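Heads up: the structure comes next, in structure tokens.
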Amino acid sequence: MKGPRFDPPSAVRWIVHTLEDAGHETWTVGGAVRDVLAGRAAGDWDLTTRARPADVRRLFRRTVPVGIDHGTVGILARDGAMYEITTFRKDVETDGRHAVVSFSDRLIDDLARRDFTINAIAWHPIRNEISDPYGGAKDLRAGVLRTVGTPSERFSEDYLRVLRALRFASRYGLRIDPPTWTAAVAAAPHLSTLSAERIREELLKILDADRRPSSALDLYAASGAMSVLYPELDRLRSTEHWPVTTASVDHLPPGRPLLRLAALLHDLSPHETAQVLVRLRLSNAQTDAVAHRAGAPPMPGPEASDADVRRWLATVGPDHLPGVARVALARARVGAGDPEVVVASWRRARAVRATRPPLVVGDLAIGGRDLIRLGLRPGPAFKEILQALLDRVLDDPRRNRPDELEDEVRRMVETGDFGG
């Protein structure tokens with residue numbers, strides 16, 4: 001059927017022409033096609049072709065073996081971008097987590113294995129022709145999300161599709177048709193069988209790109225997915241904190257998924273936050289950033305003493321100040337505080353931080369080697385002594401001089417007063 005004129009990068013048409021001239025049928029598929037039909041800006045342009053990976057690599061000079069075993073090759077185009085192209089495939093066997101596929105010579109086989117009708121649409125850049133055997137374009141216009149084929153079978157092939165259904169329904173403002181919803185709810189208990197990485201990426205996609213992540217979170221809760229994957233958040237929903245939590249997540253801008261995650265976890269206990277972050281398997285640096293932003297104590301007010309602000313910065317970590325402040329400001333703007341006070345407190349903390357005071361043990365004018373030079377034997381007491389020194393320096397940074405700190409060490413050793 002004929003469709004609207006899309007406007008892909010010229011490299012897309014170049015790739016299709018090259019493959020078609022060599023006798024290999026080629027179409028664009030996936031998110032870009034769906035987004036254009038939904039009236040949105042197209043994202044990444046992916047292609048599917050009858051050509052086998054070896055054919056693709058022979059026809060193009062610069063390629064990347066993105067997923068050769070699954071038929072996917074990356075083509076480095078003249079515009080510097082990489083475009084992924086995958087051989088037509090059909091499912092041979094599925095187990096809810098992985099699919100065994102084989103190559104096919106027919107586009108219809110490739111579209112038939114896709115999850116939802118809105119994702120089972122192909123567009124031919126040369127002929128400006130749309131292939132939409134399952135009515136995905138009609139479903140987009142009607143605002144409906146439904147599976148390709150029998151919903152229960154589609155979800156049992158890959159339970160991640162349950163989370164994808166919730167994300168697509170939220171992002172595109174679609175209602176999930178009753179059979180698809182019933183099957184998604186029935187499949188939700190199986191979500192625990194998915195890898196942590198796949199579960200994490202679905203959540204981060206929502207937090208990264210959705211204007212209102214709360215809409216998807218509501219669907220997570222209603223479907224049972226939240227109780228399976230994030231029981232801590234599911235319990236939080238029954239408290240008075242939940243409206244502020246979701247509103248603050250919505251208030252923070254897209255493109256900052258970890259900041260939004262910190263806002264989402266803000267009202268959990270430190271133990272609950274740690275449990276969620278362990279299951280998500282973020283990198284150590286990401287886990288540290290989210291935990292500090294989610295669990296930071298309230299910022300000292302604009303009238304707080306310099307010493308109080310320094311102690312707060314030492315507790316939170318000076319590098320985490322912007323993230324902590326942004327979460328606090330988002331919460332204030334949705335009713336949990338006074339935005340003007342938060343801004344003033346943020347400025348106050350920035351001003352104190354700008355004086356570059358010693359805030360961690362590593363900032364002290366003496367260290368472990370100096371303690372050895374003073375006659376102390378390395379051991380657990382070193383940490384206690386250095387922390388006690390830092391505690392004094394936080395009160396008055398002028399004390400951060402080698403001679404004064406060494407005198408303090410001698411006094412602590414004589415009195416045994418390591419705790420300050």
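The values are calculated or read from the model by the stated rules, or taken from the named source; none is laboratory data. Nothing here was measured: the structure is a model prediction, and the numbers come from that model. So basically every Cβ, Gly included, is an ideal-geometry build from the backbone, and we count neighbours across all protein chains shown. Please note that ligands, DNA and RNA were not included when accessible areas were found on the heavy atoms of the full protein model with its side chains. Shrake-Rupley method; radii C 1.70, N 1.55, O 1.52, S 1.80 Å.
Work out the charge dipole of the chain with +1 on the Cβ of Lys and Arg and -1 on the Cβ of Asp and Glu about the Cα centre, then indicate which of Tyr230, Gly416, Ala325 is farthest towards its positive end. Value computed over the given set: Ala325. About the centre of its Cα atoms, the chain shows a dipole size close to 900 debye [charges on the beta carbon of Lys, Arg (+1) and Asp, Glu (-1) only; nearest 20 debye]. Were the residues from Asp403 through Ser305 laid out at 0.36 nm apart, the gain over their Cα-Cα distance would be 32.6 nm.
If the Kirkwood radius is taken over C-alpha pairs of the stretch 311-403, then at 20 °C and 1.002 mPa s the Stokes-Einstein diffusion coefficient equals 141 µm²/s.
Placing a pseudo-label 7 Å from each Cα along the Cα-to-Cβ vector at Ala41 and Ala285 gives an inter-label distance of 2.6 nm. Label-to-label distance for Leu376 and Arg411 is 1.5 nm, based on points extended 7 Å past Cα in the beta-carbon direction. Normalised by the number of residues in the stretch 219-341, the average gap of Cα pairs under 8 Å and 6 or more apart makes the relative contact order 27 percent. One compactness figure for the stretch 237-361 is 1.05, namely its Cα radius of gyration divided by 2.2 N^0.38 Å. Computed packing ranks the peptides 119-128, 271-280 as 119-128, 271-280, most packed first, by mean other Cβ atoms within 10 Å. Start at zero, step by 20 Å, and the Cα-Cα distances of the chain spread as 22, 41, 26, 11, 0 percent across the bins.
With a cut-off of 8 Å between alpha carbons and a minimum separation of six or more residues, what is the relative contact order of the chain in percent?
Numbers: 630 pairs, mean separation 36.3, N = 420.
In percent, rounded to a whole number, it is 9.
With protein chains left intact and a 1.4 Å probe, residues in the chain average 48 Å² of accessible area per residue.
Based on the Cβ-Cβ distance of Ala112 and Asp177, what FRET efficiency does E = 1/(1 + (r/R0)^6) give at R0 = 22 Å, to the nearest 0.05? Once the sixth-power term is evaluated, E becomes 0.75.
Entry note, the stretch 84-225: relative contact order of 20 percent, from Cα contacts under 8 Å with a spacing of 6+ residues.
With the cut-off at 19 Å, report for the stretch 353-420 the share of all Cα pairs above it, as a whole percent. Write down the numbers at each step before the final one.
Values: 524 of 2278 pairs.
For the stretch 353-420, the share of Cα pairs beyond 19 Å comes to 23 percent.
Dividing the summed helix terms, -39500 (n - 2.57) for each DSSP H run of n ≥ 4, by the number of residues in the chain produces a 222 nm estimate of -15500 deg cm²/dmol to the nearest 500. Give the accessible area for Phe88 in Å² (nearest 10); use a 1.4 Å probe, count only protein heavy atoms, and leave out ligands, DNA and RNA. Result for Phe88: roughly 0 Å² accessible. What is the sum of charges around Gly323, taking Lys and Arg as +1, Asp and Glu as -1, for the other residues whose C-beta is under 12 Å from the C-beta of Gly323? Result for the local shell: +2.
Once both axes come from the Cα atoms, what is the angle between helix 306-316 and the longest principal axis of the chain, in degrees from 0 to 90, rounded to 10? The two axes meet at around 40 degrees.
Determine, for each peptide in 47-55, 28-36, the mean count of other beta carbons within 10 angstrom over its residues, then list the peptides with the highest first.
Descending mean neighbour count gives 28-36, 47-55.
Against the main long axis of the alpha-carbon atoms of the chain, helix 196-209 sits at an angle near 90°.
Per the 1.4 Å probe, what fraction of the accessible area of the chain, in percent, lies on carbon and sulfur atoms?
Working: 9880 of 19970 Å².
The value for the chain is 49 percent carbon and sulfur by accessible area.
Ranking His266, Ala38, Pro9 by Cα position along the charge dipole of the chain, where only Lys, Arg, Asp and Glu carry charges on their C-beta atoms, puts Pro9 farthest toward the positive end. Between His17 and Ser152, full extension at 0.36 nm per residue minus the direct alpha carbon distance yields a gain of 44.7 nm.
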